[in-house]
Amino acid sequence: MNKKIFAPVILMTAMLLSACGTAPKTTSLLDQTRMDYQAAQNNPNVQTLAPLEMRQADVAMNDANKAAKDNESSEKIDRLAYIAKQKIGMAQELAKQKQAEASVADAAKARDQIRLEQRTNEADKAKMQADQARLAAQIAQGEASDAQRKAQDEQAKALEMQNRNAALEAQLADLQARTTVRGIVITLGDVLFGVDQSKLNPDGMRTAQKLAVVLLNNMQRTVLIEGHTDNTGTHAHNQDLSERRANAVRSALVLMGVSRDRIETRGYGEAFPIAENNTAQNRQFNRRVEIILSDVNGKILPR
């Protein structure tokens, strides 16, 4: 065979074999979202009572699956999977709410029927007294049921709050957060940025993703992002770098779904060191971004 013809044939075969061996990417969040989506599809109440929300979930799920099929970055796949998971949850919660409303409406119809029977039998005192006694018993039973439901609701809310606090503590522990007089502080070290740059590296983006999950699960909280540097270089350069690094973290959080109005940034340059700038290690300690998490009322103590 002619060598000029044989070489392209080998190249094309290699490309086909490489393409056939490429499998779609996936992440643990995407896998979990797929299971949630399957559960919602198998629930007839969700399909019947929340069709619009389910269609929105379908679109979001397709976007996440397409990103995985196209081998997009894990961050993009997780971001799309998180959006899909939220929409699936909205569809499920709406279905539960409508089902509960239907139960309440049925109960209201039953009470109306009792009152109608009472009005139509007012002429017969004996029957009216029996009806009144029966109605009183039903009312008492209803009040007892309401009290029981209220106690159950309060218990469920307390358990949900307990679980949420436990989840928050676990997430903050993963972020190596510490408690200070100003509140909970999470520190992003210099190693999470490019050298003398404001762009977050992959490890920094993963840390920002963890923080975004905390904020999206605790909507009442806000954050203050403060940039700091060592004393190397000019004051103007250090001030600019601290501001750019704080803004880079805010941009990453916004990209991951956190509302911009929940994030405040400040740059302090070399003004607030946590160690003497006399060794390379101490200077690295001073090159940092501190993220202060507000209390449950969204308040942060000033520096």
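Annotations for the structure displayed:
- Hits in the range 123-147 - residues which are exposed (fewer than 10 other Cβ atoms within 10 Å of the Cβ) and among the hydroxyl-bearing types (Ser, Thr, Tyr): none
- Members of the range 179-228 that are in contact (Cβ under 8 Å) with a residue 12 or more places away in the chain, under 14 Å from Ala248 (Cβ atoms) and part of a loop (DSSP other than H, G, I, E, B): Asp196, Ser198, Lys199
Here's the yes/no breakdown for (1) open to solvent by 60 Å² or more (accessible area, probe 1.4 Å); (2) closer than 30 Å to Glu53 by Cα; (3) not small (Gly, Ala, Ser):
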| site | (1), (2), (3) |
| --- | --- |
| Lys96 | yes, yes, yes |
| Ser103 | yes, yes, no |
| Ile114 | no, no, yes |
| Asn121 | no, no, yes |
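- Test: residue in the range 73-83 that is open to solvent by 90 Å² or more (accessible area, probe 1.4 Å) and without any contact (Cβ under 8 Å) to a residue 60 or more places away in the chain: no
- Taken together, the residues in the range 260-283 that are in contact with a helix residue (DSSP H, G or I) (Cβ under 9 Å, 6 or more places away or on another chain), open to solvent by 50 Å² or more (accessible area, probe 1.4 Å), farther than 15 Å from Thr187 by Cα and not in a helix (DSSP H, G or I) amount to 4.
- Of all residues making up the range 148-203, the number that are open to solvent by 40 Å² or more (accessible area, probe 1.4 Å) and over 30 Å from Thr232 (Cβ atoms): 26
The values are calculated or read from the model by the stated rules, or taken from the named source; none is laboratory data. As the structure is a computational prediction, the values presented were derived from the model and not from experiment. When we count neighbours, we look across all protein chains shown, and the Cβ atoms used for this are built from the backbone with ideal geometry, even at glycine. With ligands, DNA and RNA removed, areas are computed over all heavy atoms of the protein, side chains included. Shrake-Rupley method; radii C 1.70, N 1.55, O 1.52, S 1.80 Å.
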